[in-house]
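Worksheet: the structure to be examined is printed underneath.
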Amino acid sequence: MSIEEDIKQGKKFDNVYEKLIVNIMFTNGWIVDEQSKIFKPYGITTPQYNVLRILRGQYPDPCTVNTIIDRMLDRMSNASRIVDRLEVKGLVERTVCKTDRRAKDVLITEKGLAILNKVDSALLLWMKKLESVTKSEAHQMNDDLDKLRSI
């Protein structure tokens, strides 16, 4: 289905670049919605999933909230609040940073790692649906998106 059909647009876009931006924004929303459906049974949100992945990448080392902020996909998310919620769920733990007593280290727990393993399996099943896009096309799209962000 075309973007015009998806958003029920009656008129043509002013130019191909406007269509591209609208298409990227709409597709982002679609991906977030699809992933949210996957995360919901595990009791986590998309930003929480992102933080857990960052922490798993650092594991077994902890990282600070500032490191999490630097690496988050959605820079508008409040990393401190997300970590607070994950801590209440027992998915992360905070300790005093050894190098800076004013900062707190954040470490993913075994429970957090177990949740991520389950979510990863569900995401892999969902990503199988993306195989209608060839690997070559996926590489090209990645290159094109990288090029777009470099402007």
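The values are calculated or read from the model by the stated rules, or taken from the named source; none is laboratory data. The structure displayed is predicted, hence computed values, not measured ones. FYI the Cβ positions are ideal-geometry reconstructions off the backbone, even for glycines, and counts take in every protein chain you see.
Things to note:
- Scanning the range 27-35 for any residue that is of a type outside the set (Ser, Thr, Tyr), out of contact with any strand residue (DSSP E or B) (no Cβ under 9 Å at 6 or more places or on another chain), at pLDDT below 90 and not in a loop (DSSP other than H, G, I, E, B) turns up nothing.
- Cβ-Cβ under 6 Å pairs, at least 6 apart or on other chains, the range 1-26 side loosely packed, with under 11 Cβ neighbours inside 10 Å, far side β-branched (Val, Ile, Thr) and part of a loop (DSSP other than H, G, I, E, B): none
- Within the range 37-123, helices (runs of 4 or more DSSP H) holding 3 or more residues that are in contact with a Gly (Cβ under 8 Å, 6 or more places away or on another chain): 46-58
- Complete set of residues in the range 128-151 that are surrounded by 10 or more Cβ atoms within 10 Å (Cβ to Cβ) and of a type in the set (A, V, I, L, M, F, W, C): VAL133, ALA138, MET141, LEU145, LEU148
- Yes/no for VAL96 being farther than 21 Å from ARG149 by Cα and over 15 Å from the mean Cα position of the chain (by Cα): yes
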